[in-house]
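Heads up, the thing below is written out as structure tokens.
The values are calculated or read from the model by the stated rules, or taken from the named source; none is laboratory data. This is a predicted model, so every value here is computed, not measured. Note that each Cβ is placed from the backbone with ideal geometry, even for glycine, and that neighbours are counted across all protein chains shown.
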Amino acid sequence: MPDGGLDIGNLPWLSSQPRHRRRGSGSSFAALACMSSLACGATIELEVDATDLSRNLLRSVMRIETTPALRERGGEFDLRFVVWSPGNHTPSGPVENVVDLVVRDCRGGVLEWDRDPERMERIVVKSPAACDAIEVSMSYIASQPNVNSRSTDSYGRPNLGVLNWNTVLFYPAAMTNQDATVRATLLLPSEWSYATSLRAAETDGERFATLRQLDPGRAVNVVTFVEAPLAEVVDSPVIMGRYLRAHPLEFEGVPGAPPHVVCIVSSEEKHAEAPEWLLKKIASSCEQTMRLCGTDGRWFPRDRYEFLLVADSSMGFAVEHGESTLCAVGSKVFVDAKEPENDSVKGGGASLTVLIHEYFHAWCGKLACPEGLVRPDFSTPARTELLWVYEGLTTYYDNVLAARGGMITIEEYKQDVLNLAVALEQRSGRLWRSVEDTAVAARYLRNRGLYWYDKRRGQEYYGEGALFWMEADAIIRRSSQGEKSLDDFCKELFAVEVRPVGSQATHTREDVVRILTDLDGSTDWDGLIRARIEEPAPSLDVSPVLALLGWRVEFADEPTKEQKKLIDEGDVVNLRTSLGLRLSKDGEITDIVPGGPADVAGLAYGMKVLAVGGWEWSKDRMKDAVKDSTRTKGVEMVVSFGGRVETKRVAYEGGMRVPRLVRIEGESDLIGEAVRAR
């Protein structure tokens, strides 16, 4: 095994170590393609060269079968690049990064192709008769994703790489994601290992010819994968690198659960190791998820699961897959992790709760999915209006399950609930734009923009979608006197047959209403969904939801002892609940609450506070001026903006206002009930 390779000796189900051999010059891929004997149906023979991925280049050659009509008469062959990548819910295919595109016939002749002027991902090839396949070669420029492609793009770093297959292939438009199959080979640097949920095949290593772009005699690792439907291949990203470690998870309370493993790749060896105590908390949260969504007869819908983690702070993405999840986490998230003391208000796993979010998607999205989100190909636009189910339900449960498993404490969970409630009560965009509209417009809202987020809103089917499910959970618990909960809704929603990834069981809005009504027939669920999700909010007040949970928000001059340990805003000066603005450490205004005191005073994004209360700017002086506002009846600032310096006075006398959650006397604590371990 090469130094730094993935130790998988005890993990026979995991991707095996690639065969290491020295490549010769070999025959051309085109010649090999013409001699191949392939089964009926559209089969793509794909060879991907990742040996230059550290320099942000991928190269691929694919042999794509033509149709019988083309073989007989010749004509146009319609090929597509993957645009609607599963999990992104947006047209995210970065076709702009495809370069060096050349198409050849089965005799090696270069073919003409044209791009569809209305669909950039579509190319039309003029194919001759008497050819059973064409060859497409291309390169892909990695590490320059667009705002929507971050989680399904490919990346290269000095000692590691991330391959999403959708970036290196075209597929025949006439075939569905299940009809088209891919037989893939991956070439890696000789010292790299890899991890993926895609099964490796036994091979003698001689079946695939050398890519023309490879230097003769170059040392590489060659991995051949089993032939699989296009949908499964696209759903199976690969992490690879010099320092790749596998950490199997151990389960105690779900006997017979299939193997799960945390695979970490990093540019530095020490960052790929994970402490045992943290792995146990991740395993416990997975266990709680299986108890919620599965049964003792089928704890998990697939036969294995892999967390594919890239420990690199320069990346930022997370996306779910049927048998894996791909996440970029901080470079030092594992090496800097500290095991909490017994009386700690922190569970030690708050930075990794995204893993539980994506893991819950193994059921909510990859097992059962809202109708319209799964399409038979990667070109047909998805229907995204039910993302408040797909993502909202998942967002509600990710921290609930992390708390049940001990990754976060109940104090951390309560602070998250408080943060959500306070944020939504300041989001004026809720008064004109519904949650459903943020789902329909998801492709345009992933980028937060620089200014006035609270007016525009973003992909709030996540957060406000979660608030709906939090309310639904409380309603069901109250109406059943604690006998039922939203957990029962999940059991019913996910009680479906396991289908291949890309052809999931689906549910509709009517199915959601029916299951909720079966749990609580006294509530007008159709009306509640219409009011909370499909129409703009009548007011910004979310206190009725908190009251159902047995809690209310109050404001104090200082954070509680627990909050002091939990809240770490770094260099940011967060005065959103007092002056209605947020500032950088240098005094630049980076956020303004619509309708708040700062907004009324005419302060603007990008203004820089030079002085406050007659003194030169500092974070502490800014906070002191707010505290003293009860006496001064305002906060006076000298600001610069576009070269102009002026004095602004904010009419405010409320002092510091730190929100906190307070129990409503005599009411049940349904937050505590929701996060109680099962």
Quiz prompt | Residues of the stretch 516-529 satisfying the condition of being surrounded by fewer than 18 Cβ atoms within 10 Å (Cβ to Cβ) and aliphatic (A, V, I, L, M) | solution = LEU528
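Answer yes or no: is there a residue in the stretch 211-224 that is at pLDDT below 95, of a type in the set (A, V, I, L, M, F, W, C), surrounded by 15 or more Cβ atoms within 10 Å (Cβ to Cβ) and not in a strand (DSSP E or B).
Restricting attention to the stretch 211-224, the residues satisfying the condition of being at pLDDT below 95 are 211-224.
Narrowing the set further to residues that are of a type in the set (A, V, I, L, M, F, W, C) leaves 211, 214, 219-220, 222-223.
Remaining after also requiring surrounded by 15 or more Cβ atoms within 10 Å (Cβ to Cβ): 211, 214, 220, 222-223.
Add one more test, that the residue is not in a strand (DSSP E or B), and what stays is 211, 214.
Yes: one or more hits.
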Quiz item: Exactly one of (1) out of contact with any Asp or Glu (no Cβ under 7 Å at 6 or more places or on another chain); (2) within 30 Å of THR176 (Cα to Cα); (3) of a type in the set (S, T, N, Q) is unmet by THR523. Its number?
Solution: (2)
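With the structure loaded, tell me whether ASP526 is out of contact with any strand residue (DSSP E or B) (no Cβ under 7 Å at 6 or more places or on another chain) and at pLDDT below 95 or whether it fails that test. Walk me through how you get there before you give the answer.
On the way: out of contact with any strand residue (DSSP E or B) (no Cβ under 7 Å at 6 or more places or on another chain): yes; at pLDDT below 95: no.
Spelling it out, it is not the case that ASP526 is out of contact with any strand residue (DSSP E or B) (no Cβ under 7 Å at 6 or more places or on another chain) and at pLDDT below 95.
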Self-check item: Odd one out for GLU118 among (1) assigned to a loop (DSSP other than H, G, I, E, B); (2) among the charged types (D, E, K, R); (3) in contact (Cβ under 8 Å) with a residue 60 or more places away in the chain
Solution: (3)
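From the residues in the stretch 544-573 that are part of a strand (DSSP E or B) and crowded, with 16+ Cβ neighbours inside 10 Å, which one is nearest to the chain's Cα centre (by Cα)? Steps first, please.
Looking only at the stretch 544-573, we keep the residues that are part of a strand (DSSP E or B), and these are 551-556, 573.
Now narrow it down to the ones that are crowded, with 16+ Cβ neighbours inside 10 Å: 551, 553, 573.
Numbers: TRP551: 31, VAL553: 31, VAL573: 28 Å.
Among them, the one singled out is VAL573.
Can you report the number of residues in the stretch 106-118 which are in contact with a strand residue (DSSP E or B) (Cβ under 7 Å, 6 or more places away or on another chain) and modelled with pLDDT under 90? Even if it seems obvious, please write down each step before you answer.
Of all residues in the stretch 106-118, those in contact with a strand residue (DSSP E or B) (Cβ under 7 Å, 6 or more places away or on another chain) come to 106, 110-116.
Among the residues that remain, those that are also modelled with pLDDT under 90 are: 106.
Result for the stretch 106-118: 1.
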Practice problem: Enumerate the pairs (first residue in the stretch 476-504 and under 17 Å from ASP518 (Cβ atoms); second residue anywhere and crowded, with 19+ Cβ neighbours inside 10 Å and among the aromatic types (Phe, Trp, Tyr)) with beta-carbon separation below 7 Å, excluding pairs fewer than 6 apart on the same chain, so at least 6 apart or on different chains. | Solution: LEU486/TRP469; PHE494/TRP363
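Pick out the one residue from VAL83, VAL61 that is at pLDDT 95 or above and not assigned by TED's automatic domain parsing to the domain that holds PRO370.
On the way: VAL83 fails: at pLDDT 95 or above.
Within the list VAL83, VAL61, the selection yields VAL61.
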Quiz prompt | Odd one out for LYS332 among (1) in contact with a helix residue (DSSP H, G or I) (Cβ under 7 Å, 6 or more places away or on another chain); (2) surrounded by fewer than 18 Cβ atoms within 10 Å (Cβ to Cβ); (3) not in a loop (DSSP other than H, G, I, E, B) | solution = (3)
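Please determine, by comparing only the residues of the stretch 339-360 that are in a loop (DSSP other than H, G, I, E, B) and touching a Lys or Arg at 6+ places or on another chain (Cβ under 9 Å), which one is surrounded by the fewest Cβ atoms within 10 Å (Cβ to Cβ).
The first filter runs over the stretch 339-360 and keeps only residues in a loop (DSSP other than H, G, I, E, B), leaving 339-349.
Cutting the leftovers down to touching a Lys or Arg at 6+ places or on another chain (Cβ under 9 Å) gives us 340, 344-349.
On the way: PRO340: 16, SER344: 14, VAL345: 20, LYS346: 16, GLY347: 22, GLY348: 21, GLY349: 27.
Applying the filter and picking the extreme gives SER344.
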Exercise. Only residues that are touching a helix residue (DSSP H, G or I) at 6+ places or on another chain (Cβ under 8 Å) and either crowded, with 16+ Cβ neighbours inside 10 Å or in a helix (DSSP H, G or I) (or both): list them for the stretch 495-510, please.
Key: VAL501, GLY502, HIS507, ARG509
Exercise. Among the residues of the stretch 123-174, write down those that are among the polar types (S, T, N, Q), closer than 30 Å to CYS263 by Cβ and part of a strand (DSSP E or B).
Key: SER139
Practice problem: Mind listing just one residue for me: the one in the stretch 363-375 that is in contact with a helix residue (DSSP H, G or I) (Cβ under 8 Å, 6 or more places away or on another chain) and of a type in the set (Gly, Ala, Ser) and, of those, surrounded by the fewest Cβ atoms within 10 Å (Cβ to Cβ)? | Solution: ALA368
Quiz item: If VAL102 passes every condition in (1) touching a helix residue (DSSP H, G or I) at 6+ places or on another chain (Cβ under 9 Å); (2) assigned to a strand (DSSP E or B); (3) without any contact (Cβ under 8 Å) to a residue 40 or more places away in the chain but one, which one does it miss?
Solution: (1)
Quiz item: Residues SER85, SER143, SER139: which one is surrounded by 22 or more Cβ atoms within 10 Å (Cβ to Cβ) and in contact (Cβ under 8 Å) with a residue 40 or more places away in the chain?
Solution: SER85
Quiz item: Got a number for residues in the stretch 399-412 being under 26 Å from ASN574 (Cα atoms) and part of a helix (DSSP H, G or I)?
Solution: 4
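Wholly within the stretch 413-456, which helices (runs of 4 or more DSSP H) include no fewer than the required count, namely at least 3 residues that are modelled with pLDDT of 95 or more and surrounded by fewer than 20 Cβ atoms within 10 Å (Cβ to Cβ)?
Numbers: elements: 435-440, 442-445, 453-456.
Where helices (runs of 4 or more DSSP H) fall fully within the stretch 413-456 and carry at least 3 residues being modelled with pLDDT of 95 or more and surrounded by fewer than 20 Cβ atoms within 10 Å (Cβ to Cβ), they are 453-456.
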Quiz prompt | Selected residue (criterion: modelled with the lowest pLDDT) from residues of the stretch 276-299 that are surrounded by fewer than 18 Cβ atoms within 10 Å (Cβ to Cβ) and in a loop (DSSP other than H, G, I, E, B) | solution = ASP296
